[in-house]
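Peer 1: Can you read through this structure? Questions will come right after.
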């Protein structure tokens with residue numbers, strides 16, 4: 001609703017969420033006086049941030065800076081989840097995972113931005129349905145799908161040493177996420193990668209571990225990836241040590 005009014009359909013298209021989810025959320029915001037209905041009927045209604053809503057947003061922006069922006073992720077990640085489940089199981093199962101997370105699998109844009117919480121829910125749904133609670137399924141999925149990430153593909157097309165490719169990781173991270181940051185320290189045949197993600201979860205930790213393992217596999221390099229720090233355990237970042 002900021003900077004200007006939008007219809008529920010516009011909000012659904014912008015966020016990638018199903019229209020019923022959007023309508024339910026708008027109803028909650030209306031009841032708390034954070035948005036106003038300014039014009040239109042039913043799905044054509046326009047909603048805008050109320051004076052109170054603008055004040056709340058302004059206060060959050062002043063207090064939290066860029067963190068007032070909802071953490072988002074590129075749609076390519078969600079499409080990779082869908083691809084893996086379709087390949088390993090069925091396309092129907094893949095559709096059900098995304099629909100259950102509130103997404104329409106038929107309109108998922110690889111370059112579009114989608115709420116991170118939706119991606120995390122999709123990971124949890126995949127683990128709950130096909131995993132055993134250890135998140136090894138998520139780790140394997142990301143290991144398999146890493147070469148399909150557009151940012152990884154761009155790195156793989158460059159004939160560069162692994163150490164240099166890893167140092168380019170922060171740029172790739174910033175293209176895939178609108179939040180957080182990645183730091184890389186390389187020395188000889190070892191790299192320490194620190195993920196400063198705004199939001200983490202056991203599934204996301206397993207996904208990152210699989211991603212770095214998948215990078216080694218895609219480059220046909222023998223090596224190991226070890227988790228050496230975790231935000232879920234109170235560390236400032238999730239750390240991954242890559243040895244090759």
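Peer 1: For region 89-134, name all the residues that are in a loop (DSSP other than H, G, I, E, B) and in contact (Cβ under 8 Å) with a residue 24 or more places away in the chain.
Peer 2: Passing the criteria: 89, 101, 102, 104, 108, 109, 110, 111, 112.
Peer 1: Kindly evaluate residue 22 against the criterion of being surrounded by 13 or more Cβ atoms within 10 Å (Cβ to Cβ), modelled with pLDDT under 85 and not assigned by TED's automatic domain parsing to the domain that holds residue 118.
Peer 2: Yes: the conditions hold for residue 22.
Peer 1: Tally time: how many residues in region 135-166 are at pLDDT below 85 and closer than 13 Å to residue 210 by Cα?
Peer 2: Going through region 135-166 one residue at a time, the tally reaches 0.
Peer 1: Moving on. Give the residues of region 169-184 that are farther than 15 Å from residue 216 by Cβ and crowded, with 16+ Cβ neighbours inside 10 Å, sorted by residue number.
Peer 2: 172, 173, 176, 177, 178, 179, 180, 182
Peer 1: Would it be correct to say that residue 119 is modelled with pLDDT of 95 or more and under 17 Å from residue 21 (Cα atoms)?
Peer 2: yes
The values are calculated or read from the model by the stated rules, or taken from the named source; none is laboratory data. Only a predicted model underlies this, so the values are computations on that prediction, with no experimental measurement involved. All Cβ positions, even for glycine, are placed from backbone atoms using ideal geometry, and neighbour counts span all protein chains on display.
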